[in-house]
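Below is one structure, written out as structure tokens; comments come after it.
The values are calculated or read from the model by the stated rules, or taken from the named source; none is laboratory data. The model shown is predicted, which means the values in this text are computed figures rather than measured ones. Please note: Cβ atoms are built from the backbone with ideal geometry, for glycine as well, and neighbour counts cover all protein chains shown.
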Amino acid sequence: MKKGPDKSAAAVALGDVVVTFRLAGGGSYTAVERATLHVADGEFVAIVGPTGCGKSTLLNIAAGLLAPAAGRVDIFGAPLATLNRQAGYLFQADALFPWKTALENVAIGLETAGTPASQARPRAQEWLKRVGLGAFGDRYPHMLSGGQRKRVGLAQVLIRDPKILLMDEPFGPLDAQTRQIMGNLLLDLWSADRKAVLFVTHDLEEAIALSDRVVIMSAGPAARVIGDWRVPLGRPRDIGEVKLDPAFHELHREIWHKLKAEVIKGYAQAEGAA
Amino acid sequence: MKSRAQLLLMQIAVAVIGIALWYLLSTYPLFGRVVLPPFFFSNPLEVAMQVVDWFATGVIWKHLWVTLEESLLAFVIGSIGGVLVGFWFARQPRTAAVFDPYIKMANALPRVVLAPIFTLWLGLGIWSKVALGVTLVFFIVFFNVYQGVREVSPTVLANARMLGMNERQLMRHVYWPSALSWMFSSLHTSVGFAVVGAVVGEYLGSAAGLGYLIQQAEGVFDVAGVFAGMFVLAAFVIVIDTIVSLVEKRLLVWRPTAEHGRP
């Protein structure tokens, strides 16, 4: 079922990526130091790390929203020069257009690509139905709950059928129950056509429950990839049930052992900076 | 529903008590002297009669129409200018930086001092008043549009780019709606200033309009006329403000319960 780590066919291949930011007061800050990461086509990879470790930065690199200071970024074997046109990006913060209805928000991704509204709207309606919001098409984002907005966001990204899905703590602001429901919805939609997914989270349980591989990053600055685990759980999964599996606990203990030290380091640095 | 009726009753009571006090204090002496001498304060009956007279004879319509026309023109021209320049500056930070001190200077200037110049340039007709209103409306709309374009959420912008929008589509689907929403949120203020520009301009020199009416009455110490003019003007502004609220409600449906910042 799982495809081998064939580097030439990797959906996303980051090689020794270095990311630096110029600071306002002069000097520079190295957020990510020589990070290497491969996501095979159809693979669901979660990146876990302490707060402020540059997880989102790596995602922005893969999206082409940010250019690395050094290193290679290859998308399906081709170096990424501009925006990653093959990727869909689900942001942590609210990214819907507040002046468009849910339906218009979903349809816009097709309309920008030149699909006439008369064709885009029915397909958007179909996608809204698929994320369970068929009756909410005429609502504006502020009339929707946080979970519903995430559903619209998911539909907005998936309607374009991207080959790669980049997700930046998409369910972070939601409550525990809603997160679980959203996680199952995501797995449901993903299993239909198995896109490559890069899923950033600080929640290790969520990472293991959702993904094929869990990658751990060290605390910033100069964060690196310090661990890579395969998740030995079958699919299809139910997020609630998979957490009762002994293999889940085994892996959780193993990863947490390594992650804990970084989390403590991350907190210490955050405290020191504050 | 009951509390609303109660509120309305109390609101009416305030008006009744206010007018009654005005009437009593300007008509009957208190401790040997009239507190509100009619020469300076007139009295409600005379003011009401003056208003009724204006409407009965139809004199007022011409003046109302002139003021409305000037306000509308000032609002439309000032808004168009503000939107265009606001957009331009927001998308061209370099241009904005060059003009910044001059914009600040022009905005710091009390616009009333421009009225004589506009009269000199444009005559006593409506256009000198429109010009005064435009200088007021322009800056409000300009600053709001500028802010609106610059303060588009970076996440929304990144999302728009990831959804494949090109520069033109970004304009249409992101910058434009954002700028318009800021402009509409200042609609009350800018419409109010359009009226202020018109009336002040009329007051300082004109041949028609509510400001002219008030100024004429003042010139012959007709205090009842001044008060009557003020009441008509206040009613006029309230009507316009109500219309703006209706328009706003339609245009900003996507907004979470907009707070009503009234001028």
Seminar exercise, completed: Looking across the range A:58-116 at residues that are buried (at least 24 other Cβ atoms within 10 Å of the Cβ) and out of contact with any helix residue (DSSP H, G or I) (no Cβ under 9 Å at 6 or more places or on another chain), the single one that is farthest from B:Met162 (Cα to Cα) is A:Leu58
For this session: Scan (1) under 14 Å from the mean Cα position of the chain (by Cα); (2) exposed (fewer than 15 other Cβ atoms within 10 Å of the Cβ) for the single condition B:Val141 breaks and write down its number.
Result: (2)
Exercise. Quick check, is A:Ala40 over 12 Å from A:Met217 (Cβ atoms) and either within 14 Å of chain B (Cβ to nearest Cβ) or loosely packed, with under 15 Cβ neighbours inside 10 Å (or both)?
Worked result: no
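Do any helices (runs of 4 or more DSSP H) entirely within the range B:136-246 hold 1 or more residues that are more than 14 Å from chain A (Cβ to nearest Cβ) and touching a residue at least 40 places away in the same chain (Cβ under 8 Å), and if so, which?
Answer list for the range B:136-246: B:187-204, B:210-219.
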Exercise. Does any residue of the range B:117-135 turn out to be closer than 30 Å to A:Ile108 by Cβ, without any contact (Cβ under 8 Å) to a residue 60 or more places away in the chain, surrounded by fewer than 22 Cβ atoms within 10 Å (Cβ to Cβ) and away from every other protein chain (no Cβ under 14 Å)?
Worked result: no
Exercise. Restricting to strands (runs of 3 or more DSSP E) lying wholly in the range A:151-263: which have 3 or more residues that are within 14 Å of chain B (Cβ to nearest Cβ)?
Worked result: A:164-168
Exercise. Do we find that A:Arg130 is more than 26 Å from A:Leu58 (Cα to Cα), more than 13 Å from the chain's Cα centre (by Cα) and of a type in the set (Lys, Arg) in this structure?
Worked result: yes
Seminar exercise, completed: Among residues of the range A:244-274 being among the acidic types (Asp, Glu) and at pLDDT 85 or above, the residue surrounded by the most Cβ atoms within 10 Å (Cβ to Cβ) is A:Asp245
Exercise. Looking at (1) surrounded by fewer than 19 Cβ atoms within 10 Å (Cβ to Cβ); (2) over 14 Å from the mean Cα position of the chain (by Cα); (3) closer than 21 Å to B:Gly125 by Cα, which is the one condition that is false for B:Asp222?
Worked result: (3)
For this session: Test each condition in (1) more than 21 Å from A:Asp161 (Cα to Cα); (2) facing chain B (nearest Cβ under 10 Å) for A:Gly54 and report the one that comes out false.
Result: (2)
Exercise. Of the conditions (1) at pLDDT below 90; (2) under 15 Å from the mean Cα position of the chain (by Cα), B:Lys249 fails just one. Which one is it?
Worked result: (2)
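Can you tell me which residue is surrounded by the most Cβ atoms within 10 Å (Cβ to Cβ) among those in the range B:46-104 that are charged (D, E, K, R) and closer than 30 Å to B:Ala217 by Cβ?
Looking at residues that are charged (D, E, K, R) and closer than 30 Å to B:Ala217 by Cβ, I get B:Glu70.
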For this session: Just give me the residues in the range A:89-105 being more than 7 Å from chain B (Cβ to nearest Cβ) and farther than 20 Å from B:Leu252 by Cα, in sequence order.
Result: A:Leu90, A:Gln92
Exercise. Looking at (1) under 27 Å from A:Pro68 (Cβ atoms); (2) of a type in the set (Asp, Glu); (3) modelled with pLDDT under 90, which is the one condition that is false for A:Asp212?
Worked result: (3)
